[in-house]
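The structure appears right after this line, and notes come after that.
The values are calculated or read from the model by the stated rules, or taken from the named source; none is laboratory data. The model shown is predicted, which means the values in this text are computed figures rather than measured ones. Positions of Cβ are backbone-derived with ideal geometry, glycine not excepted, and every protein chain shown enters the neighbour counts.
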């Protein structure tokens with residue numbers, strides 16, 4: 001459900017986009033447990049990737065733990081849906097981050113130290129490249145969300161590759177409930193949270209990981225993904 005609400009507080013009118021993002025990122029970091037499901041659509045020219053991800057998060061003994069299980073379907077323009085869906089798993093156990101991805105007939109697992117980057121990092125990068133403004137507030141899934149819009153700088157307006165991004169961020173939890181990023185003509189990324197709950201008791205074993213038998217484990221930094229493959 002999406003609707004508009006009015007916010008009359010002085011903070012809503014006086015707060016800069018940078019201050020708002022810092023405040024909401026802090027609120028996000030203070031959520032003890034979070035469970036949510038989101039859909040993401042990545043359009044890259046004639047190729048469309050549709051993903052559904054289920055995420056569990058908690059703060060335990062001062063460390064962040066998470067588990068993300070996702071399934072992705074690839075569709076080519078005029079070619080119909082791919083017959084197979086790829087599955088991936090990512091687990092942060094407080095000390096290590098594990099990413100499990102099927103490659104051909106085998107499973108590859110990358111093990112690395114968790115990075116400081118989060119979903120706000122991408123928005124900050126766009127803000128540095130463009131100019132941001134607070135558009136107001138809307139309700140997404142009954143959550144009051146600040147709407148942050150990032151557009152091109154004046155000298156870049158009219159360019160086909162100029163950045164256009166909009167984020168809907170929960171005021172209560174700091175969760176990005178919805179986002180839309182246009183990376184140029186024919187390229188865009190859209191994400192929407194379809195279900196979420198905060199404060200639930202989550203099973204501890206969800207945040208542990210053991211590579212499956214026969215998996216190839218690589219320890220080191222994660223491969224760098226291009227902007228077009230990144231989730232906003």
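Tabulated data
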| quantity | calculated |
| --- | --- |
| Residue that is nearest to residue 62 (Cα to Cα), among those in the stretch 86-112 that are in a loop (DSSP other than H, G, I, E, B) and touching a helix residue (DSSP H, G or I) at 6+ places or on another chain (Cβ under 9 Å) | 94 |
| Condition check for residue 110: touching a residue at least 40 places away in the same chain (Cβ under 8 Å) and surrounded by 15 or more Cβ atoms within 10 Å (Cβ to Cβ) | yes |
| Residue that is farthest from the chain's Cα centre (by Cα) [pool: residues in the stretch 113-125 that are free of Cβ contacts under 8 Å to residues at least 60 places away in the same chain and not in a loop (DSSP other than H, G, I, E, B)] | 125 |
| Conditions (1) buried (at least 17 other Cβ atoms within 10 Å of the Cβ); (2) in a helix (DSSP H, G or I): number failed by residue 173 | (2) |
| Residue satisfying condition, being touching a strand residue (DSSP E or B) at 6+ places or on another chain (Cβ under 7 Å), surrounded by 14 or more Cβ atoms within 10 Å (Cβ to Cβ) and over 28 Å from residue 201 (Cα atoms), within set 86, 66, 90, 70 | 86 |
| Only one of 52, 48 that is assigned to a strand (DSSP E or B), modelled with pLDDT of 90 or more, over 17 Å from the mean Cα position of the chain (by Cα) and closer than 18 Å to residue 191 by Cα | 48 |
| Failed item in (1) modelled with pLDDT of 95 or more; (2) more than 13 Å from residue 123 (Cα to Cα), with residue 149 passing the rest | (2) |
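Quick grid of which residues meet (1) surrounded by fewer than 17 Cβ atoms within 10 Å (Cβ to Cβ); (2) without any contact (Cβ under 8 Å) to a residue 40 or more places away in the chain; (3) closer than 20 Å to residue 68 by Cβ:
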{"position": "133", "(1), (2), (3)": "yes, no, no"}
{"position": "151", "(1), (2), (3)": "no, yes, no"}
{"position": "159", "(1), (2), (3)": "yes, yes, no"}
{"position": "163", "(1), (2), (3)": "no, yes, no"}
